[in-house]
Amino acid sequence: MELMLDTANLEEIKKGLEIYPINGVTSNPSIIKAEGKIDFFNHMHQIRSLIGEERSLHVQVVAHDAEHIIAEAERILKILGSNTFIKIPVTEEGLKAIKILASRQVNITATAIYTTMQGILAMLAGARYLAVYYNRMLNIDIDAAKVIRELSSLLWANSTNCQILAASFKNLSEITTSYANGASCCTVPYALLQTGLHMPSITKAVHDFSENWEKIYGNRTLLDF
Ligand SMILES: O=P(O)(O)OC[C@H]1O[C@](O)(CO)[C@@H](O)[C@@H]1O
């Protein structure tokens with residue numbers, strides 16, 4: 001199982017890495033927009049230095065036709081390194097590019113996946129991750145959990161090299177349902193990760209433990225024994 005941070009914010013990535021078990025960072029043009037008009041490749045380099053080589057960095061192309069998608073992918077790989085995952089939307093042109101790039105051993109994260117069929121095609125074309133758009137699917141009445149279940153069983157039977165990267169989350173339930181239905185990876189915005197631990201009941205449990213301890217041992221800690 002893996003967890004990725006869905007942000008290009010350097011502070012969030014720094015803090016996120018300290019606290020959470022993070023396996024990589026994903027972004028897309030909308031996530032980049034939230035950072036303003038940044039020097040794109042320089043910013044991506046900074047993300048890479050923060051996450052190190054052992055975590056994955058997923059960078060999305062902006063071109064629409066296969067020829068230019070491939071050219072952008074090559075530029076990303078040249079500047080950011082050959083281990084960068086190239087995010088490509090699963091359109092006809094995207095699929096064409098995925099097939100060509102995957103045959104050159106490029107790591108592909110197929111994105112903008114709303115249907116099982118898109119996922120199957122991306123898997124067959126050689127993608128390493130399938131970014132399934134959970135919340136956006138629910139918004140248009142697509143059963144996102146079902147798509148994840150179907151893709152997960154197909155991947156289990158047919159591929160050793162491709163996994164589901166569930167994405168587009170607006171609440172914790174969508175994340176846990178994705179994992180429970182077979183997504184081996186979720187990419188989550190930092191603020192949403194925080195909501196999982198910022199709960200009054202967790203704070204109260206920790207507070208109750210302290211109060212009970214203090215009643216017996218005062219302000220002594222385990223280091224005082
Ligand atoms: O619906 P949203 O919040 O725009 O999210 C789209 C998702 O697509 C991705 O680009 C897929 O990796 C994520 O970075 C993001 O979670």
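Largest first, the residues H58, H45 sort by 1.4 Å accessible area into H45, H58. A compact globular protein would have a Cα radius of gyration near 2.2 N^0.38 Å; the ratio found for the chain is 1.17. For the chain, relative contact order (Cα pairs under 8 Å, six or more residues apart, normalised by length) works out to 16 percent. For the stretch 8-46, the residues whose amide N sits under 12 Å from a probe point set 7 Å from the Cα of Y179 along the beta carbon direction are 21-22.
Among R48, R75, R220, the order of accessible area from largest down is R75, R220, R48, computed with a 1.4 Å probe on protein heavy atoms. By a 1.4 Å probe calculation restricted to protein chains, K96 has an accessible surface near 100 Å², given to the nearest 10. With Cα atoms defining each centre, the stretch 1-30 and the stretch 83-150 are spaced 20 Å apart in the structure. Rolling a 1.4 Å probe over the protein heavy atoms leaves C185 with an accessible area of roughly 0 Å². Remark: the stretch 162-178, residue by residue, has Karplus-estimated 3J(HN,Hα) of 9, 9, 7, 10, 5, 8, 6, 9, 10, 8, 5, 4, 5, 5, 5, 5, 4 Hz, where x stands for each Gly or Pro and the curve is 6.51 cos²θ - 1.76 cosθ + 1.60 at θ = phi - 60°. Projected label points at D65 and Q46, each 7 Å from Cα along the beta carbon direction, are separated by 3.5 nanometres. The stretch between L197 and S103 holds 29.6 nm of extra length on full extension. This uses 0.36 nm per residue minus the Cα-Cα distance. For the residues D208, D224, D141, a 1.4 Å probe over the protein chains yields an accessible-area ranking, largest first, of D141, D224, D208.
Entry note, the chain: the mean residue ellipticity at 222 nm calculated from DSSP H runs of n ≥ 4, each adding -39500 (n - 2.57), is -16000 deg cm²/dmol after division by the residues and rounding to the nearest 500. Between S56 and G24, V25, the built amide H atoms are under 5 Å apart, and every one of these is 5 or more places off in sequence or on another chain. Computed with a 1.4 Å probe over protein heavy atoms only, the accessible surface of the chain comes to 54 Å² per residue. Which loop-located GluC sites (Glu not before Pro) does the stretch 18-53 contain, where loop means any DSSP state but H, G, I, E or B and the Cβ has at most 14 other Cβ atoms within 10 Å? Of the GluC sites (Glu not before Pro), the ones in loops of the stretch 18-53 whose Cβ has at most 14 other Cβ atoms within 10 Å are E35, E53.
Less than 18 Å from a label point 7 Å out along the Cα-to-Cβ axis of A34: which backbone N atoms in the stretch 58-86 qualify, by residue? Residues 58-61 qualify, since their backbone N sits under 18 Å from the label point. Rolling a 1.4 Å probe over the protein chains gives K14 an accessible area of about 90 Å².
On the chain, 56 percent of the accessible area sits on carbon and sulfur atoms, based on a 1.4 Å probe.
The values are calculated or read from the model by the stated rules, or taken from the named source; none is laboratory data. Remember, it's a predicted structure, so these values are computed and weren't measured experimentally. Neighbour counts are summed over all protein chains in view; Cβ atoms, including those assigned to glycine, are modelled from backbone coordinates with ideal geometry. Surface accessibility is based on the protein's heavy atoms, side chains included, excluding ligands, DNA and RNA. Shrake-Rupley method; radii C 1.70, N 1.55, O 1.52, S 1.80 Å.
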